Amino acid sequence: MPMIFSPTLATASLDQLRPIGVLVLMANLLDCEAISGLLASHEGIYVVNATDDMELGFASCRQLNPAVLIFDPKVGRDAVSCATKLVAANAIRHAIILDDQVHDALVSSILDFPRISYLTRAATGSLLIEMVEKLGSGGKRLFGPAVADRIIPSPRGLCLRTPTSTPSVVALTKREQDVLKLLATGYSVRDCAEELNVAVSTVDNHKTSLMKKLCVHKSAQLVHLAIRDGLVAVCPEEQGDCKIERNLKPPA
């Protein structure tokens, strides 16, 4: 069963009494400062580094071995993939994705990685701090309340339940997602066929099928859906309008 985040922590063990090192990797320095300030306000947590440079951040993880990495998936196009590799290599104990909103494809992509947790910016500061405490002391991975009730067990492991009211890319097959991702990044049907080493007619069939599942009638709409659900990352160099401090405030 998935672990749904509960604000009640277990009785402190020896590990929980040790300071928890956290590395903060966000898409801009404003967010780095806000998250670092929030964490620094809590005794028992210290920030080993905070940066908006993805390569520097992941290099710091290998050098400093923080217990927890908190990162914005928009910091770089391969951020989630790189984080899963760091966890697998034990460079970090656990990673927390701090997303601006729920992106279905992104959530689905991490369900097979038990040391990757997920939280959105709608969470309170106290929720993020308690998640860091829980994970930093060896707890199992957690999902924030924005998505926890949609994660269900299946014979193949955890899966994300598709919203009944809104078509989602989660309803697509793996190959349909591959086709959608390529189409949304500017590939033509013929280019997709070459990239996937299949016939043009096969890509056409996948495109027709995925558009029907997503209730889309125009190809231009596919880009919006791919971005909305996190299948295609949008990584602006600077997000000045991203006001994390309005949502993640230090607990009173």
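The values are calculated or read from the model by the stated rules, or taken from the named source; none is laboratory data. In this text, all values refer to a predicted model and were calculated from it rather than measured experimentally. Cβ: placed from backbone, ideal geometry, glycine included. Neighbour counts: every protein chain shown.
Take the conditions in contact with a Leu (Cβ under 8 Å, 6 or more places away or on another chain), over 27 Å from Ile96 (Cα atoms) and surrounded by 13 or more Cβ atoms within 10 Å (Cβ to Cβ) and apply them to Leu214. Does it pass?
Details: in contact with a Leu (Cβ under 8 Å, 6 or more places away or on another chain): yes; over 27 Å from Ile96 (Cα atoms): yes; surrounded by 13 or more Cβ atoms within 10 Å (Cβ to Cβ): yes.
Here the answer is yes, as Leu214 does meet what is asked.
What number of residues within segment 72-99 satisfy the criterion of being touching a residue at least 40 places away in the same chain (Cβ under 8 Å) and surrounded by fewer than 18 Cβ atoms within 10 Å (Cβ to Cβ)?
The total comes to 1.
Does at least one position in segment 149-163 carry a residue that is modelled with pLDDT under 90, outside the structural domain of His224 (by TED's automatic domain parsing), touching a Ser or Thr at 6+ places or on another chain (Cβ under 6 Å) and part of a strand (DSSP E or B)?
yes
Within segment 148-165, identify whether any single residue is touching a His at 6+ places or on another chain (Cβ under 9 Å) and touching a residue at least 40 places away in the same chain (Cβ under 8 Å), and answer yes or no.
no
Just to be sure, is Ser209 surrounded by 14 or more Cβ atoms within 10 Å (Cβ to Cβ) and more than 23 Å from the chain's Cα centre (by Cα)?
yes
From Asp149, Asp204, Asp112, which residue is of a type in the set (Asp, Glu), more than 30 Å from Val22 (Cα to Cα) and surrounded by fewer than 20 Cβ atoms within 10 Å (Cβ to Cβ)?
So the residue among Asp149, Asp204, Asp112 that is of a type in the set (Asp, Glu), more than 30 Å from Val22 (Cα to Cα) and surrounded by fewer than 20 Cβ atoms within 10 Å (Cβ to Cβ) is Asp204.
Hey, does segment 131-142 have a residue that's in contact (Cβ under 8 Å) with a residue 24 or more places away in the chain and within 14 Å of the chain's Cα centre (by Cα)?
Taking every residue of segment 131-142 in turn, at least one turns out to be in contact (Cβ under 8 Å) with a residue 24 or more places away in the chain and within 14 Å of the chain's Cα centre (by Cα).
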